[in-house]
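Colleague: Take this structure first; my questions come after.
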Amino acid sequence: MDIDTSLLRSFVSIVNLGSINRAAQQLNKTQPALSLQLRKLEQQLGNTLLQRSTRGVVLTAAGERLLPHARRLLALTDGITGQYASADTGSAPLRIGLLEDLAGSCLPQVLADFAAHQPGLRLSVQLGLSKALFPALAQGELDIMVCTPLPQQPAAVVADETHGCPLHWYADRYFTLPDGALPLVMFAPPCSWRDRMLAALDQAGQPWRIVFESASLPAVQAAVRAGLGVAGLLPDTAPPDSVVLRHPRLPALGTVPLAVYRPPGSQHPQARALATLFGRALATIGQPVPAQQA
């Protein structure tokens, strides 16, 4: 039995976005057409794959079994089409926008590995804040981007997938939590993560003082390594030799959303394949990390 990969792509998109309507927008299809593709796939496999709920769609047991196989098949398909399509793209680069905070994460390695398997492919990377990246994507200046969703963003721009990535308090391994105000190493404003950290401290009644701030991730990492203070960072962007601090005075920071976006209706094969790899990398950021009592 042969399975149409377009049916699998529709199924995976619905699961990633949690909604048939949002998936239809992302795939540039109508909602009835996407629902029909889902029914065709279910009829072909003889199982119901998704059930609608008040929260969107929920995988059935059969859908959970199919999902990892579907993702692997699509990754292989995208890899094949990407290699053959690269010869037709000429010298035009694949334009990528990354949240500046992710410059020191696993994503640059993903880019390097991706380029190594795409002969002749050129990459152009733009680092910036979400507020600057969204207009660039909407104006056709980017083929793919990874950043924090905005409260108000273009309605036509729908994320391929979104992951909740944890923020932790990090400090040098020899750092000792002082009495009184907490010394903070912070990203310079505007920064939604900074606002989250300060609000959490204020709600917990913990006094604080900013001892260092910068818009540069390497500068923030250097300040933490120098033992200047505590910083709220993603596990993947923490500097070497730093540790996660756990202490009653340090409130939990929860998770921040990071999403992978492509332009509406984008059919760029390399962008689609890279979006899949970015999504897998973001999922690994949420894995548990060892902690140290402050």
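The values are calculated or read from the model by the stated rules, or taken from the named source; none is laboratory data. Since this is a predicted model, take the numbers as computed values, not measurements. Neighbour counts run over all protein chains shown; Cβ positions are idealised from the backbone, glycine included.
Colleague: Would you mind listing the strands (runs of 3 or more DSSP E) fully within the range 119-176 where at least 1 residues are of a type in the set (A, V, I, L, M) and within 16 Å of Leu274 (Cα to Cα)? Please lay out each step first, then the result.
Modeller: Working: elements: 123-128, 144-147, 159-166, 168-172.
Per the criteria, 123-128, 144-147, 159-166.
Colleague: Considering only the range 33-80, state which residues are surrounded by 15 or more Cβ atoms within 10 Å (Cβ to Cβ), polar (S, T, N, Q) and modelled with pLDDT under 85.
Modeller: Once the filter is applied, which keeps residues that are surrounded by 15 or more Cβ atoms within 10 Å (Cβ to Cβ), polar (S, T, N, Q) and modelled with pLDDT under 85, the range 33-80 yields only Thr77.
Colleague: Determine the pairs where a residue that is touching a residue at least 12 places away in the same chain (Cβ under 8 Å), located within the range 102-122, has a partner that is acidic (Asp, Glu) and buried (at least 18 other Cβ atoms within 10 Å of the Cβ) with Cβ atoms under 9 Å apart, the partner being 6 or more residues away or on another chain.
Modeller: Hits for this filter: Leu102/Asp236; Gly104/Asp236; Ser105/Asp236; Cys106/Asp236; Leu107/Asp236.
Colleague: Another question, if that's okay. Does Pro251 satisfy the criteria of being in contact with an Asp or Glu (Cβ under 8 Å, 6 or more places away or on another chain), in a loop (DSSP other than H, G, I, E, B) and surrounded by fewer than 20 Cβ atoms within 10 Å (Cβ to Cβ)?
Modeller: No.
Colleague: So which residues in the range 257-285 are at pLDDT 80 or above and touching a Pro at 6+ places or on another chain (Cβ under 7 Å)?
Modeller: Pro257, Ala259
Colleague: Which of the following residues is buried (at least 20 other Cβ atoms within 10 Å of the Cβ), hydrophobic (A, V, I, L, M, F, W, C), at pLDDT 90 or above and more than 30 Å from Ser19 (Cβ to Cβ): Val185, Val211?
Modeller: Val185
Colleague: Can you name the number of the only condition in (1) basic (Lys, Arg); (2) in contact with a Gly (Cβ under 9 Å, 6 or more places away or on another chain); (3) crowded, with 18+ Cβ neighbours inside 10 Å that Arg262 fails?
Modeller: Result: Arg262 passes all but (2).
Colleague: Okay, moving on. Return only the number of the condition from (1) crowded, with 19+ Cβ neighbours inside 10 Å; (2) modelled with pLDDT under 80; (3) not acidic (Asp, Glu) that Ala223 does not satisfy.
Modeller: (2)
Colleague: Anything in the range 212-228 that is aliphatic (A, V, I, L, M) and part of a helix (DSSP H, G or I)? List them, or say none.
Modeller: Pass one, the range 212-228, residues aliphatic (A, V, I, L, M): 215, 217, 219-220, 222-224, 226, 228.
Answer for the range 212-228, where residues must be aliphatic (A, V, I, L, M) and part of a helix (DSSP H, G or I): Leu217, Ala219, Val220, Ala222, Ala223, Val224.
Colleague: Examine the range 201-211 for a residue that is under 24 Å from the mean Cα position of the chain (by Cα), of a type in the set (Asp, Glu) and outside any loop (DSSP other than H, G, I, E, B), and state whether such a residue exists.
Modeller: Taking every residue of the range 201-211 in turn, none turns out to be under 24 Å from the mean Cα position of the chain (by Cα), of a type in the set (Asp, Glu) and outside any loop (DSSP other than H, G, I, E, B).
Colleague: Further, regarding this structure: Quick one: count up the residues across the range 118-141 that are touching a Ser or Thr at 6+ places or on another chain (Cβ under 9 Å), surrounded by 13 or more Cβ atoms within 10 Å (Cβ to Cβ) and over 14 Å from Asp101 (Cβ atoms).
Modeller: Going through the range 118-141 one residue at a time, the tally reaches 3.
Colleague: Next up: Could we say that Arg22 is more than 19 Å from the chain's Cα centre (by Cα) and surrounded by 13 or more Cβ atoms within 10 Å (Cβ to Cβ) here? Step through it out loud before you land on a result.
Modeller: Values: more than 19 Å from the chain's Cα centre (by Cα): no; surrounded by 13 or more Cβ atoms within 10 Å (Cβ to Cβ): yes.
When the stated conditions are applied, Arg22 does not pass them.
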